[in-house]
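Asker: Dropping a structure here in structure tokens format, bear with me for questions.
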Amino acid sequence: MADGGARRLEGAPIADEIRTAVAEDVASFTTANGRPPVLAVVIVGRDAPSTVYLERILKGCAKVGIEAAFVELEGEATEAAVVDTIRTLNADPAVDGVIVQMPLPPTIRLSAVIDAIDPAKDIDGIHPLNAGLLRLGYDGFLPATAHAAVEILRRSGIEIAGRDAVVIGRSAVVGMPAAFLLVREDATVTVCHSRTRDLAGHVRRADIVVVAAGRPGLVTGAMLKPGAVVVDVGINLVDGKIVGDVDYDSAVSVASAITPVPGGVGPLTNALLLTHLIRAAERQAEARPRHAAPSSAANTTASSRGDR
Ligand code: NAP
């Protein structure tokens, strides 16, 4: 699909493919275990943007037969209460994956929450163990957004091996894992951040540019090498509209391929999270003694079910 020259890398068709495969695995799991896989989403306080995100998770789970349990705590919940809730979910054999909705209230340390998640249920790859496994090239859980940023390239048939890639952003959940994944795919990777001198110079040398800075318009067409492939991970609300970090209109005539925002990395992120969940469920089921009957997530969590 050409769009002013660049091929538009749409996430939705790839996400559909992934969901179809996940739905089959979910059906097999449900038959074998007598219950569907269960995702617990811990929510501390609620704001409007995250509500939209949560609805999307719910819909994605429902489409493939995964049950989503929301575990809601008051905005004033203490760190100890949040950690206790996560530990209860860790101990519940009927909960297969746990994600914690970000951002957390400022009174709660992110590190305390991350450390509390059982790495076996950490389907968004935020626990240090999973981060370490990625760094060492082992098969842990990947942060879904970073996974999506690279998977959209792989599944769109974009060559990665041997190419020069620039990742803008070095966060633990997006930029760094995306960079490690690109190295794993044999790209030569430069990581840029807010202290990078001459960002434009780095971008201009790159065959692949992954932008995850949270700065609308940070990368323009004038900065790109002609024919570069651009993955825009950014999600920003500007004048009531969702836009990425790349100035799409100028980039589209210079790039050879580009992900739109919305509609690029985002849909794939949600679908990949489901693949992580079913993998977590299968692994834990395999590790469990054969006759252990799972308890019900609803008995142990203050959850509201995903079908509401
Ligand atoms: P973050 O933690 O705020 O990190 C932003 C990174 O960008 C930091 O490393 C920062 O550098 C760097 N940066 C900021 N301004 C820059 C500039 N002017 N030049 C170069 N680098 C700059 O954000 P995040 O959680 O990684 O998220 C990044 C973006 O991805 C956000 O827009 C977020 O909404 C989006 N996101 C998308 C999805 C999805 O599914 N598509 C999911 C999650 C997040 P320093 O380290 O020096 O501060």
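Conditions tested, residue by residue: (1) open to solvent by 60 Å² or more (accessible area, probe 1.4 Å); (2) more than 27 Å from Ile18 (Cβ to Cβ); (3) touching a Gly at 6+ places or on another chain (Cβ under 6 Å).
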site: Val52; (1), (2), (3): yes, no, no
site: Ile66; (1), (2), (3): no, no, no
site: Val71; (1), (2), (3): no, no, no
site: Thr78; (1), (2), (3): yes, yes, no
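Asker: Sticking with this one: Tell me, yes or no, whether the stretch 166-173 has at least one residue that is free of Cβ contacts under 8 Å to residues at least 12 places away in the same chain, in contact with a helix residue (DSSP H, G or I) (Cβ under 8 Å, 6 or more places away or on another chain) and open to solvent by 50 Å² or more (accessible area, probe 1.4 Å). Spell out the reasoning first.
Answerer: In the first step, residues of the stretch 166-173 are kept if they are free of Cβ contacts under 8 Å to residues at least 12 places away in the same chain; the result is none.
No - not one qualifying residue is present in the stretch 166-173.
Asker: Note down all Cβ pairs under 7 Å where the first residue falls in the stretch 7-22 and is part of a helix (DSSP H, G or I), the second is open to solvent by 50 Å² or more (accessible area, probe 1.4 Å), and they're at least six residues apart or on different chains.
Answerer: Listed by first residue and then by second, the contacts come to Ile14/Arg155; Arg19/Lys63.
Asker: Here is a check on your reading of the model: is Ala40 touching a Leu at 6+ places or on another chain (Cβ under 6 Å), open to solvent by less than 70 Å² (accessible area, probe 1.4 Å), part of a helix (DSSP H, G or I) and in contact (Cβ under 8 Å) with a residue 60 or more places away in the chain?
Answerer: The answer is no for Ala40.
Asker: Follow-up. When you check His127 against the structure, is it more than 18 Å from Gly244 (Cα to Cα), in contact with a Pro (Cβ under 9 Å, 6 or more places away or on another chain) and either open to solvent by 20 Å² or more (accessible area, probe 1.4 Å) or not small (Gly, Ala, Ser) (or both), yes or no?
Answerer: yes
Asker: OK, next. Look through Ala91, Ala149 and report the one residue that is open to solvent by less than 10 Å² (accessible area, probe 1.4 Å) and in contact with a Ser or Thr (Cβ under 9 Å, 6 or more places away or on another chain).
Answerer: Ala149
Asker: Would a scan of the stretch 227-238 turn up a residue that is within 14 Å of the ligand (Cβ to nearest atom) and touching a Lys or Arg at 6+ places or on another chain (Cβ under 6 Å)?
Answerer: No, there is no match, as no residue in the stretch 227-238 is within 14 Å of the ligand (Cβ to nearest atom) and touching a Lys or Arg at 6+ places or on another chain (Cβ under 6 Å).
Asker: Among the residues that make up the stretch 133-156, is at least one of them more than 29 Å from Val211 (Cβ to Cβ) and more than 14 Å from the ligand (Cβ to nearest atom)?
Answerer: The answer is no, given that none of the residues of the stretch 133-156 is more than 29 Å from Val211 (Cβ to Cβ) and more than 14 Å from the ligand (Cβ to nearest atom).
Asker: Separate question: Quickly run through the stretch 213-232 and pick out the residues that are open to solvent by less than 20 Å² (accessible area, probe 1.4 Å) and under 16 Å from the mean Cα position of the chain (by Cα).
Answerer: Val231, Asp232
Asker: While we're looking at this one, here's another question. Among the residues of the stretch 179-201, are any within 11 Å of the ligand (Cβ to nearest atom), assigned to a helix (DSSP H, G or I), free of Cβ contacts under 8 Å to residues at least 60 places away in the same chain and over 24 Å from Gly140 (Cβ atoms)?
Answerer: Yes: the stretch 179-201 contains one or more residues that are within 11 Å of the ligand (Cβ to nearest atom), assigned to a helix (DSSP H, G or I), free of Cβ contacts under 8 Å to residues at least 60 places away in the same chain and over 24 Å from Gly140 (Cβ atoms).
The values are calculated or read from the model by the stated rules, or taken from the named source; none is laboratory data. On a predicted model such as this, the values are computed, not experimentally measured, just so you know. All Cβ positions, even for glycine, are placed from backbone atoms using ideal geometry, and neighbour counts span all protein chains on display. The area values use the complete protein model at the heavy-atom level, side chains included, leaving out ligands, DNA and RNA. Shrake-Rupley method; radii C 1.70, N 1.55, O 1.52, S 1.80 Å.
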